[in-house]
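Inspection log for the structure reproduced underneath, given as structure tokens.
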Amino acid sequence: MNVFIQKSRDDIVNTSREYHPDLSRSMTTADKKVESICPRQGLKLTQLKRRDVRVLSFTSGKGGVGKTHIVVNLAYALQQLGARVMILDADLGLANVDVLLGLAPQFNIQHVLEGKKTLLDILVQGPAGMTILPASTGVCEVANISEAQRFHLLDALDELHHDFDYLLVDTGAGISNNVIYFNLAAQEIVIVVTPEPTSLTDAYALMKVLANQYAEKRFKVIMNAVADDGEAEESFRRLSMVTERFLNVSLDFLGAIPHDNAFSWAVRQQKPLLELYPATTSAGCFYQLARHMLDAPGSVHPKGTIQFFWRRLFTDTFPPASEALHLVHGGAERSDDEGVLS
């Protein structure tokens, strides 16, 4: 498994140079080495002839694993490689996308529901041309909206499906109703995990609820904040073995991002890491991850188009996650999988 771009920091000089408008120049030897790893051929989405928007939810069993960092920087990389990306900030109550990007949205979906703004009025443009849908304070009310409001919103959302290639949904952490809701509506579920035992255990608990209660059987995994290839491979191997044995689900490895202090520096400046530090190893890994997503097909068992995502999100009724909490611990008695990732 080739997790990292196996180059020293000097060899990764400006991995994204050909995609970054402020860094264009003739290719050096270092650039050509990077080009051999992430060739430009076939990167433009227009050449890939995608028909439908891919809707991916990014979720985690616990907070503090860098999920929003993954979403923001992956969106940046995809945009730089030719894709059109929209982020749905669905981390209710703890929305961080706007904070990480230094944005101050004035409106959200609630204003659309109330008829005060159109959907286009609330969209915010972020770095590299990505689009942010600030839905965090409005989405929590969707269960109570009227039928007229629901159809009005769906009509407006449908008009956007020609404008984007990817919808990245940044969910909250844990197994709350809202987290479950967004994951079930998305076409593909991406679990962000770190090598810490608590992160692995909580990620397993989330997948256990989604698999046993809602029949989700396919998940993608991004290992974040890893020390090296070995730690990423070993952590994913442990998680994969346990889920296959006890849950009978399939895990697809998307990639890994190394631990990098540059993330903290980027947060202080409210910019994506890829914009401020395109020469870091982490930046190279994000571009590798983005290229993998562009080259790889979507889920072989997709749950529908982006229109289906919106309609399922705003019209379906899912059983509350609270009814499934006992599955995490196997009910009153000790379950066979208890402590397997501790």
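Computed from the coordinates by the stated procedures, all read-outs in this text should not be read as laboratory data. Only a predicted model underlies this, so the values are computations on that prediction, with no experimental measurement involved. Glycine also receives a Cβ, built like all others from the backbone with ideal geometry; neighbour counts cover every protein chain displayed.
Provide the FRET efficiency to the nearest 0.05 for the Gln269-Thr198 pair, computing r from the beta carbons and using R0 = 41 Å.
Details: r = 29 Å, r/R0 = 0.71.
Once rounded, the FRET efficiency stands at 0.90.
Given the options Asn178, Phe314, Asn212, identify the residue whose Cα lies farthest towards the positive end of the charge dipole of segment 53-327 (+1 on Cβ of Lys, Arg; -1 on Cβ of Asp, Glu).
Asn212
Provide the gained length on full extension for the span Asp295 to Asn248, in nm with one decimal, where the gain is 0.36 nm per separating residue minus the Cα-Cα distance.
Values: separation 47, 0.36 × 47 = 16.92 nm, distance 2.71 nm.
My answer for the length gained is 14.2 nm.
Using the count of nearby Cβ atoms within 10 Å as a rough guide to exposure, how do Leu113, Leu120, Leu168 rank from fewest to most?
Details: Leu113 20, Leu120 10, Leu168 25.
Lowest to highest Cβ neighbour count: Leu120, Leu113, Leu168.
What dipole magnitude, in Debye to the nearest 20, does segment 53-327 give about its Cα centre under +1 on Lys/Arg Cβ and -1 on Asp/Glu Cβ? Could you put the intermediate results ahead of the total?
On the way: 20 positive and 29 negative charges, 44 e Å.
The calculation lands at about 220 debye.
Which number comes out as Rg/Rh for segment 53-327 once both Rg and the Kirkwood Rh are worked out on C-alpha atoms? Working shown, then result.
Values: Rg = 17.7 Å, Rh = 18.8 Å.
My calculation puts Rg/Rh at 0.94.
Past 31 Å, Cα to Cα: identify those pairs from Lys67/Lys208; Lys67/Lys303; Lys117/Lys217; Lys67/Lys217, in the order given. Let's see the in-between values first.
On the way: Lys67/Lys208 19 Å; Lys67/Lys303 23 Å; Lys117/Lys217 39 Å; Lys67/Lys217 21 Å.
Beyond 31 Å: Lys117/Lys217.
Which ³J(HN,Hα) values in Hz, rounded to whole numbers, follow from the phi angles of segment 174-183 under the Karplus curve 6.51 cos²θ - 1.76 cosθ + 1.60, where θ = phi - 60° and Gly and Pro get x?
x, 10, 6, 4, 5, 4, 4, 4, 5, 5
Within the set of other residues whose C-beta is less than 11 Å from the C-beta of Ile132, count the net charge using Lys and Arg as +1 and Asp and Glu as -1.
Overall, the nearby charge balance is -3.
Applying 1/(1 + (r/R0)^6) with R0 = 45 Å to the Cβ-Cβ distance of Asn261 and Ser146, what FRET efficiency is obtained, to the nearest 0.05?
Given R0 = 45 Å and the Cβ-Cβ separation, E is 0.40.
Using Cβ counts within 10 Å as a stand-in for footprinting exposure, how do Val169, Val99 rank, fewest first?
With the fewest neighbours first, Val169, Val99 line up as Val99, Val169.
Nearest 5 percent is fine: what portion of the DSSP beta bridges confined to segment 53-327 is antiparallel?
Working: 2 of 33 bridges.
Restricted to segment 53-327, the bridges split so that about 5 percent are antiparallel.
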